[in-house]
Amino acid sequence: PGLAITGGGACDLSVAGAGKAMKIDIALDLERSALAWGEGFKKPGGMAAALKVPLRRDGERVRWDGATLRLGGGTLASNGTLDVSGERVLKATLKSEQFPLESLKPLIGERTQLRGMGDVDCALDHNLSKPISEAVLKGTVRVTGGELFVPSLARPVSFDTVCTATPGNVRLGFNTVRLGSSVAEGYAAFELKEWPSFTCDINCPVINSDDFAAPSAAKKAAGKSAPGWIGSADAAVMQLGVRDSGYMKMLRGTGRITVGELKLGKLRARGGQARLSLAGGVLTVDDANLPLYDGQVGGKIVADLGGVDQRYALDAKISRVDMTKLLHDAYSYTDALSGTLSADVRATAEGRDAASVKKEICAKGRFSVEKGRLRSFGILQQMSPLFLLLGQQAKCRELASFGELLARAPKDTGLSKCEGGFLLQGDSWGTGDLLLELDDERNPMRLRLDGELRSGGAIRFIGHAAVPRGSGYYTQLEPYFPDEDGWIRLPFPIPIGGTLAQPSIDVEAARGSIVTCAAEVGKMRLRKEIEKKIDRTFEPKPLGPGAAKPGGALNAGDIGKELLKGASKELIKKVLQ
């Protein structure tokens, strides 16, 4: 379906002989023709072939022995018979030793190159009055030392394969398929029916994402010219799917894939496996399980390959990944943040090539770090002079004292909580509610961060600090600042920059907020004073001499007072905001 040849051609035909023996020589030139298969394969024909057929009539059959078909530098030999009676049965063999794959170049594209040698030994049995799909094909095609050069890849694909045909089935065995350091082996078996189907089992000892880079990206990374066979590197893109959506929707299949080592940039994972299925143009990879830095990544990928715009969706769960090892490989950080990472991830993308997919990808989810510990976290000490300044500007000795305490904060501290949501777009990770709670008896603190982590580990966050009830900080600030569910929130946005390994305070950006925050401090102190007066107003009146102390549950009057007190405090809070 979808296969067509158009345009024009030329043919030189020579027929010699008489009676039962004839010799036919055909030279075929399809330079002006064009081949097409759906939307995915369109190119000029550009084919020249020479066919020599010695024929001998034997009753109701025509027989040939030693017929040859020459394509470029390769020759295929054929023997066979054709029943010229009503049945019109064709029986033929096709053989070749060391057939040069370069001879097939006219069939595969102008910018694509195929090299290597193939051995062919096939037999065909077909009734010409019936559809070609009912033909019986048997035999083997073996390729050793094969190399495929395509414009969308910076490296050639080398392969050793064996294709075996039996009636109604074709099995493609991958002894070795190699792209750079990436290696695959296994098989794909196709059942040839009205609705074609396949099964496959593929093992990949190594998959390296760098091997699949487009030529322009590889050239830029290497800082030198790409191999000459690539052609126009800037125009090349890596096609991720098949454009012939009709054929894709017909094909169905299932299979299994295992991965020895997966390299994604600087990240490393080992021992992954997954099941895959294809139906209606939709490829599904599920039951995926990939060990990653002492933890696990599992999930499901759905790729709609049959539409005009191919779409991809990922649902993944990350469980107990070692943060120290992850950050070491991703950013070359040593002990910047330790703990075990868990996350739920949902990602979507669309596009027909790697560049457009990378541009359109969007991922979001939530994460948490257990038993976390921050090292080289001198950023608390860097906050000290800013709170000293804020205390002076707001005429608040308590904040100045808080700054003095920060100056003595440790550089390393544990985390009782590290969690938040994230959004990945392009090459940066963003968060709007990252929550860090420092697990330190002397310096407990909560930091709520909004911002992003860019490629290379650069960070740009705005942090908001709070201190918990029961801490020395809280005791110092509690007489002057209102309580927010057991925390005192400090009204000072702290701009944090640098890298994850060496975060730093943007002092100049912070100075611009000092005056504004001083006014906010004044509001909070005013609110605290008003709340004190509200508490005194609604305090129960002292009992007279000899009066009995009430017991049991609160009465309606007490409940009404509590509700009114709470409503009054909430109103003051909103008015001052």
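The values are calculated or read from the model by the stated rules, or taken from the named source; none is laboratory data. If you're wondering where the values come from, they're calculated on a predicted model, not measured in any experiment. Cβ: placed from backbone, ideal geometry, glycine included. Neighbour counts: every protein chain shown. Just the protein is used for accessible areas: all its heavy atoms, side chains included, with ligands, DNA and RNA removed. Shrake-Rupley method; radii C 1.70, N 1.55, O 1.52, S 1.80 Å.
Could you pull out the pairs from Lys411/Lys528; Lys193/Lys249; Lys42/Lys358; Lys263/Lys417; Lys43/Lys130 whose alpha carbons sit more than 21 Å apart here? Walk me through the numbers on the way to the answer.
Details: Lys411/Lys528 33 Å; Lys193/Lys249 14 Å; Lys42/Lys358 27 Å; Lys263/Lys417 31 Å; Lys43/Lys130 30 Å.
Among Lys411/Lys528; Lys193/Lys249; Lys42/Lys358; Lys263/Lys417; Lys43/Lys130, the Cα-Cα distance tops 21 Å for Lys411/Lys528; Lys42/Lys358; Lys263/Lys417; Lys43/Lys130.
Please give the net charge around Glu185, taking every other residue with its beta carbon less than 15 angstrom from that of Glu185, where Lys and Arg add +1 and Asp and Glu add -1. Let's see the in-between values first.
Working: positive: Arg171, Arg178, Arg256; negative: Asp160, Asp201, Glu261.
Once all neighbours under 15 Å are counted, the net charge is 0.
Rank these residues by their accessible area, most exposed first, probe 1.4 Å: Leu388, Leu327. Please report the intermediate quantities before stating the final value.
On the way: Leu388 55, Leu327 15 Å².
Accessible-area ranking of Leu388, Leu327, largest first: Leu388, Leu327.
As a test of reading the structure, rank Phe367, Phe212, Phe149 by solvent-accessible area (1.4 Å probe, protein chains only), most first. Provide the component values of the computation, followed by the final result.
Details: Phe367 50, Phe212 75, Phe149 10 Å².
Most to least solvent-accessible, the answer reads Phe212, Phe367, Phe149.
How do the peptides 275-286, 443-454 rank, highest first, by the average count of neighbouring beta carbon atoms within 10 Å per residue?
Numbers: 275-286: 16.3, 443-454: 18.6.
Per-residue Cβ counts within 10 Å, averaged per peptide and sorted highest first, yield 443-454, 275-286.
For Arg442, Arg320, Arg270, give the ranking by accessible area with the largest first, probe 1.4 Å. Don't skip to the answer; put the middle values down first.
Details: Arg442 175, Arg320 115, Arg270 140 Å².
So the residues, ranked largest to smallest area, are Arg442, Arg270, Arg320.
On the full set of protein chains, 1.4 Å probe, figure out the accessible area of Asp440 and give it in Å² to the nearest 10.
30
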